Protein chains: 2
Amino acid sequence: MKLIKSILEMQQTADLLHRNGAKIGIVPTMGYLHEGHLSLIREAKLHADVVVTTIFVNPVQFAPNEDYKKYPRDLERDILHASSAGSDFLFVPSVEEMYPPDYLTFVEVEKITSILEGKSRPSHFRGVTTVVAKLFNIIKPHIALFGQKDAQQAIVIKQMVRDLNYGIKIIIAPIVREEDGLAMSSRNVYLSPEERKESTVIYKSLKRGEELILSGERDASRVVAEIVRYLNTQPLVKVDYVSVTDANTLGECSVINEKSQILISVAVRVGTTRLIDNIIVNT
Amino acid sequence: MKLIKSILEMQQTADLLHRNGAKIGIVPTMGYLHEGHLSLIREAKLHADVVVTTIFVNPVQFAPNEDYKKYPRDLERDILHASSAGSDFLFVPSVEEMYPPDYLTFVEVEKITSILEGKSRPSHFRGVTTVVAKLFNIIKPHIALFGQKDAQQAIVIKQMVRDLNYGIKIIIAPIVREEDGLAMSSRNVYLSPEERKESTVIYKSLKRGEELILSGERDASRVVAEIVRYLNTQPLVKVDYVSVTDANTLGECSVINEKSQILISVAVRVGTTRLIDNIIVNT
């Protein structure tokens with residue numbers, strides 16, 4: 001695996017790969033790679049000749065009160081992980097090069113970015129779409145992989161790709177979980193042993209919501225209420241939001257339709273750590 | 001010259017050109033081609049193996065009160081002109097395909113888009129950068145040509161290309177003028193004979209401003225005042241703005257520095273027609 005830090009070198013490398021007719025897949029990450037990321041790299045290998053994993057803790061997608069500074073970073077460990085998962089290149093640009101002092105341009109998807117995560121984190125998706133657009137322009141991949149854990153991000157990026165005519169195939173890979181069900185996240189390292197234990201309620205509450213829907217509940221507000229009740233059984237877990245929406249459009253669905261794909265999304269704080277998770281239910 | 005109307009066909013054509021190692025130049029236009037556009041096509045031929053001229057009257061860059069509907073269109077004439085200037089492809093996408101009903105994504109350059117033209121036309125540049133980003137993504141050109149007449153647009157697009165890492169070389173070609181000095185514009189067809197005659201004052205006023213600066217005037221407000229006075233000698237010409245700025249950054253310069261590039265920009269209404277023009281003065 002080759003490590004690339006300069007944008008120009010990445011561009012020139014990508015250009016050469018393109019001229020050689022290689023199909024390029026990218027896996028954009030913020031590093032501190034876990035099994036979820038590695039599953040994306042392995043999946044990318046199945047669809048592309050060359051896989052470029054990118055690591056960039058993107059300041060623009062963090063609000064000033066968020067965890068940009070303390071976000072976990074460990075490049076040496078990431079190099080080993082990405083390499084053993086089969087990544088061909090690891091692109092790790094610097095903040096200075098990605099956002100020079102007179103930086104002024106942003107890519108914004110409207111409407112679907114102002115609900116759920118966007119409501120709790122108002123400028124978050126603008127940061128995500130901007131940095132993903134930059135990575136797309138630098139590497140010009142044929143496919144790009146993202147994880148289902150960031151369900152709304154996946155929908156927002158698909159919308160951006162379609163609207164801006166990127167012609168890139170977006171593949172969303174399933175959530176990878178710890179043995180006790182907690183969705184893998186680089187932020188899980190923030191959790192104290194007690195918090196870590198209580199965090200297992202998140203996935204259990206999603207499964208409880210799924211169970212309700214599959215047993216015939218069609219009133220979304222009752223599903224939400226039951227999940228909130230379930231989450232609140234753990235004293236360290238504070239609910240940010242629980243929502244039941246259409247899984248493809250994020251449209252509201254107060255009545256759950258038959259033969260539809262329903263996304264149950266949860267965001268909580270466990271101590272000072274914010275965690276999200278979701279499940280798709282096919283009715 | 002090949003006419004392409006479908007986005008997918010243009011993407012596939014561009015992909016094939018890329019695989020064949022062709023250097024692609026694009027000339028984005030709103031059609032109703034005049035000698036200014038044709039000079040861009042001829043210039044593009046000098047820098048690229050294949051020139052794609054695009055014609056798209058972009059609704060997103062017009063405000064509701066502007067001339068989107070009446071903007072002149074004549075595809076047959078444009079085909080002849082673009083072809084004879086040496087364009088290899090003419091890409092003419094439809095509004096329906098460029099902006100499907102659930103379109104949500106916009107590219108925005110901040111700060112430098114809220115002055116001059118952006119002050120008079122608040123959502124204009126957001127429309128320009130969005131459509132240019134789409135064309136860049138569809139065609140993935142190596143170079144792109146724009147006219148100096150839209151001086152601020154040229155600076156905004158250069159900023160977007162740099163910020164979003166497009167890796168595309170932007171070439172700005174000089175303003176082409178009628179024999180009496182009026183800058184060529186598709187909008188000149190709107191002018192009545194009387195208005196057309198009075199419009200010659202625009203370039204004359206710019207030359208008057210240049211003359212003042214070259215003869216040593218260093219107070220920008222005096223240059224502006226003299227240009228406004230000069231424009232006001234024509235009863236049908238109403239000044240929108242006259243500005244003296246740094247030619248590269250559009251930064252204000254109340255005092256004109258030595259050995260700098262100064263941009264004098266003018267926007268006027270002649271009857272209901274809005275016209276812009278500019279001149280660069282090297283002190």
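Here is how the numbers come out for the structure above:
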| quantity | calculated |
| --- | --- |
| Residue check for A:I171: in a strand (DSSP E or B) and surrounded by fewer than 20 Cβ atoms within 10 Å (Cβ to Cβ) | yes |
| Hits in the range A:236-255 - residues which are open to solvent by 40 Å² or more (accessible area, probe 1.4 Å) and over 20 Å from A:I172 (Cα atoms) | A:L236, A:K238, A:V239, A:D240, A:E252, A:S254, A:V255 |
| B:G118 vs. criteria touching a residue at least 60 places away in the same chain (Cβ under 8 Å), outside any loop (DSSP other than H, G, I, E, B) and open to solvent by less than 30 Å² (accessible area, probe 1.4 Å) | no |
| Search result, residues across the range A:154-200 that are more than 12 Å from the chain's Cα centre (by Cα), closer than 22 Å to A:V268 by Cβ and among the polar types (S, T, N, Q) | A:N188, A:S192, A:S199, A:T200 |
| Matching option when the condition is hydrophobic (A, V, I, L, M, F, W, C), over 18 Å from the mean Cα position of the chain (by Cα), farther than 20 Å from A:L33 by Cβ and open to solvent by 10 Å² or more (accessible area, probe 1.4 Å), among A:L80, A:L104, A:L75 | A:L104 |
| Among residues of the range A:256-283, those that are open to solvent by 50 Å² or more (accessible area, probe 1.4 Å), at pLDDT 95 or above and either closer than 16 Å to A:R222 by Cβ or touching a Cys at 6+ places or on another chain (Cβ under 9 Å) (or both), counted | 0 |
| The range B:1-43, residues that are within 14 Å of chain A (Cβ to nearest Cβ) and aliphatic (A, V, I, L, M) | B:I4, B:I7, B:L8, B:M10, B:A14, B:L16, B:L17, B:A22, B:I24, B:I26 |
| Any hit, the range B:27-49, residues being within 19 Å of B:V176 (Cα to Cα), modelled with pLDDT of 95 or more, within 15 Å of the chain's Cα centre (by Cα) and exposed (fewer than 15 other Cβ atoms within 10 Å of the Cβ) | yes |
| Count of residues meeting criterion [assigned to a loop (DSSP other than H, G, I, E, B) and modelled with pLDDT of 95 or more] in the range A:2-21 | 2 |
| Scope the range A:188-235; condition within 23 Å of A:Y68 (Cα to Cα) and open to solvent by 40 Å² or more (accessible area, probe 1.4 Å); matching residues | A:V189, A:Y190, A:S192, A:P193, A:R196 |
| Pairs, first in contact (Cβ under 8 Å) with a residue 12 or more places away in the chain in the range B:81-99, second among the small types (G, A, S) and part of a helix (DSSP H, G or I), C-beta under 6 Å, six or more apart | B:L90/B:A82 |
| Matching residues, the range B:111-168, being more than 27 Å from B:A48 (Cα to Cα) and either among the polar types (S, T, N, Q) or within 8 Å of chain A (Cβ to nearest Cβ) (or both) | B:K111, B:I112, B:T113, B:S114, B:S120, B:S123 |
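The values are calculated or read from the model by the stated rules, or taken from the named source; none is laboratory data. All of these numbers come straight from a predicted model, not from anything done at the bench. Backbone-built Cβ (ideal geometry, glycine too); neighbour counts: all protein chains shown. Surface areas here come from the heavy atoms of the whole protein model, side chains and all, with no ligands, DNA or RNA. Shrake-Rupley method; radii C 1.70, N 1.55, O 1.52, S 1.80 Å.
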